[in-house]
1. I'm told residue 31 meets every condition in (1) modelled with pLDDT under 95; (2) of a type outside the set (A, V, I, L, M, F, W, C); (3) open to solvent by 40 Å² or more (accessible area, probe 1.4 Å); (4) assigned to a helix (DSSP H, G or I) except one. Can you identify the failing condition by its number?
2. Select, from 47, 65, 53, the only residue that is farther than 22 Å from residue 110 by Cβ, at pLDDT 90 or above and in contact with a His (Cβ under 9 Å, 6 or more places away or on another chain).
3. Select from the range 68-92 the residues that are surrounded by 14 or more Cβ atoms within 10 Å (Cβ to Cβ) and assigned to a loop (DSSP other than H, G, I, E, B) and list them in ascending order.
4. Looking at the range 93-103 only, could you name the residues that are open to solvent by less than 70 Å² (accessible area, probe 1.4 Å) and in a helix (DSSP H, G or I)?
5. In the range 36-57, how many are β-branched (Val, Ile, Thr) and either open to solvent by 70 Å² or more (accessible area, probe 1.4 Å) or more than 13 Å from residue 102 (Cβ to Cβ) (or both)?
Amino acid sequence: MPQDASPPFPNPSLQAAGSAGLPPTAGGGADDGMIAAIRSVLAECGGLAVDAGRLAVDDDLYAAGLTSHGCVGLMLGLEEQFDVEFPEKLLNRRTFESIAAIRDAVRGLIDGGEA
């Protein structure tokens, strides 16, 4: 077997994330599209002090500048983007603490349940 430094089956999601300067996301596939959409809404509606595209999926959004006002805008933007409605029990700090937490909540709502 040749001593090639490159893996035989490169991970396209890691390459895509790396080439765009974004942190890689865990899960890949459909997850990448959802993460990208969440990042877009976060950048547009979250009022963060940092570039949403540079955040890792598990970074603390409140430490990145998300305020209660920004959280309301983010929630409304997510509801529009994903055609979901956040029930009262999900309207808490934990639901919006990271991109991963938002992804899990949105995925639960899309799948017909609640996260």
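The values are calculated or read from the model by the stated rules, or taken from the named source; none is laboratory data. Note that the structure is predicted; figures quoted are calculated from it, not measured. Note: ideal-geometry Cβ built from the backbone for every residue, glycine included; neighbour counts use all protein chains shown. Heads up: the accessible areas ignore ligands, DNA and RNA and are worked out on the full protein's heavy atoms, side chains in. Shrake-Rupley method; radii C 1.70, N 1.55, O 1.52, S 1.80 Å.
1. (3)
2. 47
3. 84, 86
4. Of everything in the range 93-103, those that are open to solvent by less than 70 Å² (accessible area, probe 1.4 Å) and in a helix (DSSP H, G or I) turn out to be 95, 96, 99, 100, 101, 102, 103.
5. Residues meeting the conditions: 1.
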